[in-house]
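Enquirer: My questions will all concern the structure given below.
The values are calculated or read from the model by the stated rules, or taken from the named source; none is laboratory data. From a predicted model like this one, the values you see are computed outputs, not experimental measurements. We place every Cβ from the backbone using ideal geometry, glycine too, and count neighbours over all the protein chains shown. Calculation scope for accessible area: heavy atoms of the full protein, side chains included, ligands and nucleic acids excluded. Shrake-Rupley method; radii C 1.70, N 1.55, O 1.52, S 1.80 Å.
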Amino acid sequence: MTESLPVARAVDHGFAKLMPDVDRERAWLLTVDGAPQSYVDLDEPTHLEFEYAQRLGHVLDSIGEAGRPLDVVHLGGGALTLPRYLAVTRPGSRQDVVEADRALLELVVEHLPLPEGAGIALHAADARGWLESAPAASADVLLADVFGGSRVPAHLTSLEYAREAARVLRSGGVYLANLADAAPFAFLRSQLANFAEVFEELVLIAEPAVLRGRRFGNAVLVAAQLPLDTPALARRTAADAFPARVEHGAGLRKFIGAARPVRDEEAVPSPEPPDGAFGIG
């Protein structure tokens, strides 16, 4: 067996590294400017290493009939972890990946190639711009995992952006986003307020320690026009190695509190993570 060697390269929006996992033969960690972005096991694409990715996977598994192909748009590409996951768990799905960093996409497909016939189309484009040009009611799932460095860009945090997401989704479609915040949750509450304005159903999935304000961390936002299977999501996330809580209904309305939707002209990026929050030693 030849030893896998790290790859490091300047990309369009930072410095990327692909580092092999010593414990898994064809598994890799992608970092950009030291912040972990993605983990991929080429031999086992259904292995989701990061906790937030596992939670996104639980939501994806719960949409409609198990194994049914879906039309999915991924905003943010990274190492294409979840597109690879869906290509296996829902074969025949049509997936579009929109990633602003063309050089990062090229690095990933060069060293971690997609399998033949995966049904994954890659687009080097700005997420908001691509969304605005997409046809109405053209996607079953819209999954946003966009970080400029370690922050969600401001133009993806507004009410107008939420409205574009709703326009592109079909009536039974589901929006998912990976977000990050800490108490007092001004950013996270504003995001929930944006999507509550546009979608009938909202769910928030996060570790109890994050929701209690004990530390900075990831939270998965889920939005839909039709009811979500929250009991199934709660069971799945509770069974994880790092259990998460599923908030919805009255509990989520209480969490949102007096937060108001944020318009384009006042939108700001997500907060800067504290030193060491997501770093690699």
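Enquirer: Which residue, of 167, 151, 212, is within 18 Å of the chain's Cα centre (by Cα) and surrounded by fewer than 22 Cβ atoms within 10 Å (Cβ to Cβ)? Step through it out loud before you land on a result.
Expert: On the way: 167 fails: within 18 Å of the chain's Cα centre (by Cα); 212 fails: within 18 Å of the chain's Cα centre (by Cα).
Sole residue among the options that is within 18 Å of the chain's Cα centre (by Cα) and surrounded by fewer than 22 Cβ atoms within 10 Å (Cβ to Cβ): 151.
Enquirer: Can you name the strands (runs of 3 or more DSSP E) wholly within region 2-60 that have at least 1 residues being closer than 30 Å to residue 229 by Cβ? Even if it seems obvious, please write down each step before you answer.
Expert: Numbers: elements: 7-11, 14-20, 27-32, 35-41.
Strands (runs of 3 or more DSSP E) meeting the threshold: 35-41.
Enquirer: Return yes when residue 78 is within 28 Å of residue 186 (Cβ to Cβ) and in a loop (DSSP other than H, G, I, E, B) and no when it is not. Before you say what the answer is, go through the steps one by one.
Expert: Numbers: within 28 Å of residue 186 (Cβ to Cβ): yes; in a loop (DSSP other than H, G, I, E, B): yes.
Yes, satisfied.
Enquirer: Continuing with this model, one more query. Looking only at helices (runs of 4 or more DSSP H) that lie completely in region 121-232, which have at least 3 residues being over 20 Å from residue 275 (Cα atoms) and polar (S, T, N, Q)?
Expert: In region 121-232, the matching helices (runs of 4 or more DSSP H) lie at 186-198.
Enquirer: If you don't mind, there's one more thing I want to ask. Suppose the filter is farther than 17 Å from residue 265 by Cβ and open to solvent by less than 10 Å² (accessible area, probe 1.4 Å); does residue 159 pass it? Walk me through it before giving the result.
Expert: On the way: farther than 17 Å from residue 265 by Cβ: no; open to solvent by less than 10 Å² (accessible area, probe 1.4 Å): yes.
It is false that residue 159 is farther than 17 Å from residue 265 by Cβ and open to solvent by less than 10 Å² (accessible area, probe 1.4 Å).
Enquirer: Within region 62-69, is even one residue among the hydrophobic types (A, V, I, L, M, F, W, C) and open to solvent by 30 Å² or more (accessible area, probe 1.4 Å)? If you could, list the steps in order and put the result at the bottom.
Expert: Residues of region 62-69 among the hydrophobic types (A, V, I, L, M, F, W, C): 63, 66.
When the remaining residues are screened for being open to solvent by 30 Å² or more (accessible area, probe 1.4 Å), the result is 66.
Yes, the conditions are met somewhere in region 62-69.
Enquirer: Being within 17 Å of the chain's Cα centre (by Cα) and buried (at least 18 other Cβ atoms within 10 Å of the Cβ): is that true of residue 198 here? Don't jump to the end; show me each part of the working.
Expert: Working: within 17 Å of the chain's Cα centre (by Cα): no; buried (at least 18 other Cβ atoms within 10 Å of the Cβ): yes.
So residue 198 does not fit the description; no.
Enquirer: For residue 232, state whether it is at negative phi and open to solvent by less than 50 Å² (accessible area, probe 1.4 Å). Full working, then the answer.
Expert: Values: at negative phi: yes; open to solvent by less than 50 Å² (accessible area, probe 1.4 Å): yes.
Judged against the criteria, residue 232 is a match.
Enquirer: Something else about it: Given the criteria out of contact with any Gly (no Cβ under 6 Å at 6 or more places or on another chain), farther than 30 Å from residue 211 by Cβ and not in a strand (DSSP E or B), does residue 107 qualify? Spell out the reasoning first.
Expert: Working: out of contact with any Gly (no Cβ under 6 Å at 6 or more places or on another chain): yes; farther than 30 Å from residue 211 by Cβ: yes; not in a strand (DSSP E or B): yes.
Yes; evaluated as a whole, the condition is true for this residue.
Enquirer: Tell me the residue from 230, 237 that is of a type in the set (Ser, Thr, Tyr), under 26 Å from residue 37 (Cα atoms) and touching a His at 6+ places or on another chain (Cβ under 8 Å), please. Spell out the reasoning first.
Expert: On the way: 230 fails: under 26 Å from residue 37 (Cα atoms).
Answer to the check: 237.
Yes/no matrix, rows are residues, columns are (1) among the charged types (D, E, K, R); (2) in contact with a helix residue (DSSP H, G or I) (Cβ under 9 Å, 6 or more places away or on another chain); (3) without any contact (Cβ under 8 Å) to a residue 24 or more places away in the chain:
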{"site": "123", "(1), (2), (3)": "no, yes, no"}
{"site": "130", "(1), (2), (3)": "no, no, no"}
{"site": "141", "(1), (2), (3)": "no, yes, no"}
{"site": "145", "(1), (2), (3)": "yes, yes, no"}
{"site": "151", "(1), (2), (3)": "yes, no, no"}
{"site": "159", "(1), (2), (3)": "no, yes, no"}
{"site": "165", "(1), (2), (3)": "no, yes, no"}
{"site": "170", "(1), (2), (3)": "yes, no, no"}
{"site": "175", "(1), (2), (3)": "no, yes, no"}
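Enquirer: If you take the residues of region 126-148 that are open to solvent by 30 Å² or more (accessible area, probe 1.4 Å) and small (Gly, Ala, Ser), which of them is nearest to residue 33 (Cα to Cα)?
Expert: 148
Enquirer: Filter region 20-44 for residues that are in contact (Cβ under 8 Å) with a residue 60 or more places away in the chain and not hydroxyl-bearing (Ser, Thr, Tyr) and give the result.
Expert: Scanning region 20-44 gives 28, 29, 30, 32, 33, 34, 35, 36, 37, 40, 42.
Yes/no per residue for (1) among the aromatic types (Phe, Trp, Tyr); (2) modelled with pLDDT of 95 or more; (3) under 18 Å from the mean Cα position of the chain (by Cα):
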{"residue": "3", "(1), (2), (3)": "no, no, no"}
{"residue": "9", "(1), (2), (3)": "no, yes, no"}
{"residue": "13", "(1), (2), (3)": "no, no, no"}
{"residue": "16", "(1), (2), (3)": "no, yes, no"}
{"residue": "37", "(1), (2), (3)": "no, no, yes"}
{"residue": "47", "(1), (2), (3)": "no, yes, yes"}
{"residue": "85", "(1), (2), (3)": "yes, yes, yes"}
{"residue": "89", "(1), (2), (3)": "no, yes, yes"}
{"residue": "113", "(1), (2), (3)": "no, yes, no"}
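Enquirer: Now for a different question. Looking at the structure I just gave you, is residue 101 more than 15 Å from residue 38 (Cβ to Cβ), in contact (Cβ under 8 Å) with a residue 24 or more places away in the chain and surrounded by 15 or more Cβ atoms within 10 Å (Cβ to Cβ)?
Expert: Details: more than 15 Å from residue 38 (Cβ to Cβ): no; in contact (Cβ under 8 Å) with a residue 24 or more places away in the chain: yes; surrounded by 15 or more Cβ atoms within 10 Å (Cβ to Cβ): yes.
So residue 101 does not fit the description; no.
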